[in-house]
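Have a look at the structure below before the remarks.
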Amino acid sequence: MGTRDEPTVLPTGGPNALGRALGLLGDEWTVLILQRALLGTTRYTHFLDQLPISNSVLTSRLSTLVTEGLLAHYVYQRNPIRAEYRPTERGRSVWSILLAIWDWERNWVPRQKASLPTMTHTVCGLPFRPLLACSSCEKPVEPRDVDTQWGPSGSWARSSPEAITRRRSGRQAEASFFPETMAIFGNRWSSAMIGAAFLGLHRFSEFESALGAPPSLVAERLQLLTEQGVLTPARNDKRTDWVAYRLTEKGRAFFPVIMLLLAWAERWYHAPEGPALVQVHAECQQEFRAILNCDQCGHRVRGRDVQPSTAELHRD
Ligand SMILES: [Zn+2]
Ligand SMILES: [Zn+2]
């Protein structure tokens, strides 16, 4: 198991850490299985009982999670064979991304408010919301506080998700536990467009040339993200053909999810050339890496200190 907790060295010139992480975690089944695993589910039959998932999808996703080193497979009895899937350190460290997704869905997707439990920070004992903070100075951070540049392995092409599992199974939409997050993560163009918006691109032509995407695709994605309430088009009085797409408050609130995904990606996937993005926290002038603070007591939140108010996350 030792080697599983070492970062993966990526091939030179291929997808960077962000592309790899999006390729893996942009699949809703993978995320749901991992979430169950972090809540203590270990057996194949228990995953099957807890998720509306088919045998073939569960088998393929578990196999991906083992191959990618997020779960370890232990056979603890031979006759009959009994095996367990346990999260590795790499798998466990996804908790902060899941917490940020939970918080965003709960606060910005109306039908999720009632179905997702509150979380308690066991250090202060209070129901809390996670706040994005800087690992260097531990102060809370807003999107405008972080200066972001491409790193040595950074480019749009190399940050595009490499799909590790087949997406077009038709089952993806049925699960929809995190529908809006997956609408962004599960589509390479949507995730790139949100990233571009955070990097300061606003116009149709800017998205088109930066992402190297066909105009019809850019138009379709901008429309979907506008319908989702993540981007909003603003007309320019002087140039009627000039529409700027800006992140809404809901869109800006997605920033922690992206930053935590990036921090996880850079921790576990190393491109030989260096990181995908180089980020500096303006206030402390140190390298920015995302962590979460408790909005109640202000202390840093760690995975072991978070407890759902009900024993399990469930759908209804
Ligand atoms: Zn800082
Ligand atoms: Zn607290």
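Brief remarks follow.
- Equivalent-ellipsoid semi-axes of the chain, from the Cα gyration tensor, Å, largest first: 31, 23, 21
- Within straight-line cross-link reach of residue 139, aspartates and glutamates at Cα separation under 16 Å, skipping those fewer than 8 residues along the same chain: 147, 283, 287, 295
- Cα gyration tensor, the stretch 54-101 - rounded (a/c under 1.5), prolate or oblate: prolate
- Alpha-carbon centroid distance for the pair the stretch 28-46 / the stretch 222-247, whole angstrom: 39
- Using a Förster distance of 22 Å, the FRET efficiency for residue 238-residue 199 (Cβ separation, nearest 0.05): 0.35
- Between residue 48 and residue 5, full extension at 0.36 nm per residue minus the direct alpha carbon distance yields a gain of 12.8 nm.
- Solvent-accessible area per residue, Å², over the stretch 1-93 with all protein chains present [probe radius 1.4 Å]: 44
- Mean Cα-pair separation over length for the chain, i.e. relative contact order, pairs under 8 Å, 6 or more apart, %: 32
- Dipole magnitude for the stretch 179-256: computed about the Cα centre from +1 point charges on Lys and Arg Cβ and -1 point charges on Asp and Glu Cβ, it is near 160 debye.
- Sparse-neighbour loop sites [GluC sites (Glu not before Pro); the stretch 245-316; at most 13 other C-beta within 10 Å; DSSP]: 312
- The heavy atoms of residue 137 offer some 50 square angstrom of accessible surface to a 1.4 angstrom probe.
- Modelled spin labels at residue 111 and residue 223, positioned 7 Å past Cα toward Cβ, are 2.2 nm from each other.
- Calculated over the stretch 1-159: convex hull of Cα atoms, volume per residue (Å³): 186
- Percent of Cα pairs in the stretch 56-136 per distance bin of 10 Å, from zero to the largest separation: 15, 29, 31, 20, 5, 0.
- Share of carbon and sulfur in the accessible heavy-atom surface of the stretch 208-316 [1.4 Å probe, %]: 47
- Neighbourhood charge, 12 Å Cβ-Cβ cut-off, centred on residue 287 and excluding it, Lys, Arg +1 and Asp, Glu -1: -1
- Length released on extending from residue 60 to residue 79, taking residue separation times 0.36 nm less the Cα-Cα span: 4.5 nm
- Partners for residue 238 among lysines (Cα-Cα distance below 29 Å; same-chain residues under 8 apart left out): 250
- For the pair residue 147 and residue 304 in one chain, pulling the backbone fully straight at 0.36 nm per residue adds 53.5 nm over the alpha carbon distance.
- Prolate/oblate/rounded call for the stretch 1-79, Cα gyration tensor, a/c under 1.5 rounded: oblate
The values are calculated or read from the model by the stated rules, or taken from the named source; none is laboratory data. Nothing here was measured: the structure is a model prediction, and the numbers come from that model. Backbone-built Cβ (ideal geometry, glycine too); neighbour counts: all protein chains shown. Remember, those area values only see protein heavy atoms, side chains included, never the ligands or the DNA or RNA. Shrake-Rupley method; radii C 1.70, N 1.55, O 1.52, S 1.80 Å.
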